[in-house]
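In what follows, a structure is listed as C-alpha cells, so that the remarks can point back to it.
The values are calculated or read from the model by the stated rules, or taken from the named source; none is laboratory data. These figures come from a predicted structure and were not determined experimentally. With ideal geometry, Cβ positions are generated from the backbone for all residues, glycine too; neighbour counts draw on all protein chains shown. Keep in mind that these areas ignore ligands, DNA and RNA; they rest on the heavy atoms of the full protein, side chains included. Shrake-Rupley method; radii C 1.70, N 1.55, O 1.52, S 1.80 Å.
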Amino acid sequence: QATALGIDGGVRVMPVDRLSVGASVVDFGKKLYYIREEFDLPTRGRVGVSYDFLPFNHARLTLDADGSYFLHSKATDAAAGLELAWSDVVALRAGYDFLSEANHLDFGLGLRAGAFRFDYSYAPMSFDLGGAHRVSIGLDI
C-alpha cells in the first residue's frame with residue numbers, strides 16, 4: 001500500500017468577454033512511500049487559454065490550448081482542443097496531445113440536464129494498450 005498527500009490549486013480569470021486564462025499546480029506534496037521505496041509525486045504546473053466563439057444562435061464553439069511542465073522530470077506537454085456545444089445541453093469534443101507518446105487524438109461527449117452532468121471520452125493508446133474510456137458524473141450544487 002502506498003500513501004502520499006498531494007494538493008492541487010489553481011486560478012482562472014476572464015480578462016475580456018469569452019476569453020479564459022488559467023494556471024494551476026497539480027500533485028504538489030510530499031514523497032510517495034511504497035514499502036522501502038520513495039517516489040516523487042508527478043508535480044506539474046499548467047497554463048491554459050480558451051476562447052468561446054458564438055457561431056449560431058444556440059451553439060458555442062470553444063477553442064482551447066494548454067501546456068504543462070513536470071517539475072521533477074523536467075518534461076513538457078502541450079495540447080489543444082475544440083468543443084461544440086448546443087444550448088449548454090450537449091457538447092461534442094475533440095483534443096490533440098502534441099507531445100505524448102501514449103495518445104494523441106481524443107474524442108468526447110458531454111450531456112447536461114439541470115444540475116446533472118455526464119461526460120465521456122475515448123483516447124486511443126499506443127504501445128498496444130487499446131483505448132482509455134473515461135466517464136464522469138457530476139451534480140452542481
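Given the structure, is Tyr69 open to solvent by less than 80 Å² (accessible area, probe 1.4 Å), free of Cβ contacts under 8 Å to residues at least 60 places away in the same chain and not basic (Lys, Arg)?
Numbers: open to solvent by less than 80 Å² (accessible area, probe 1.4 Å): no; free of Cβ contacts under 8 Å to residues at least 60 places away in the same chain: yes; not basic (Lys, Arg): yes.
When the stated conditions are applied, Tyr69 does not pass them.
Filtered by the rule that a residue be polar (S, T, N, Q) and either touching a strand residue (DSSP E or B) at 6+ places or on another chain (Cβ under 6 Å) or at pLDDT 95 or above (or both), the range 63-89 gives Ser68, Thr76. Identify all residues within the range 7-55 that are farther than 24 Å from Ala79 by Cα and assigned to a strand (DSSP E or B); write none if there are none. Matches in the range 7-55: Gly29, Leu32, Tyr33, Tyr34, Glu37, Glu38, Phe39.
Just so you know, in the range 90-140 the residues that are outside any strand (DSSP E or B) and either acidic (Asp, Glu) or at pLDDT 85 or above (or both) include one that is least open to solvent (accessible area, probe 1.4 Å), and it is Ala115. Checking the stated criteria, Asp77 turns out to be surrounded by 13 or more Cβ atoms within 10 Å (Cβ to Cβ) and in contact with a Leu (Cβ under 8 Å, 6 or more places away or on another chain).
So in the range 1-38, with the set limited to residues that are free of Cβ contacts under 8 Å to residues at least 12 places away in the same chain, in contact with a strand residue (DSSP E or B) (Cβ under 9 Å, 6 or more places away or on another chain) and open to solvent by less than 100 Å² (accessible area, probe 1.4 Å), which one is nearest to Val90 (Cα to Cα)? Only one residue fits best here, namely Val13.
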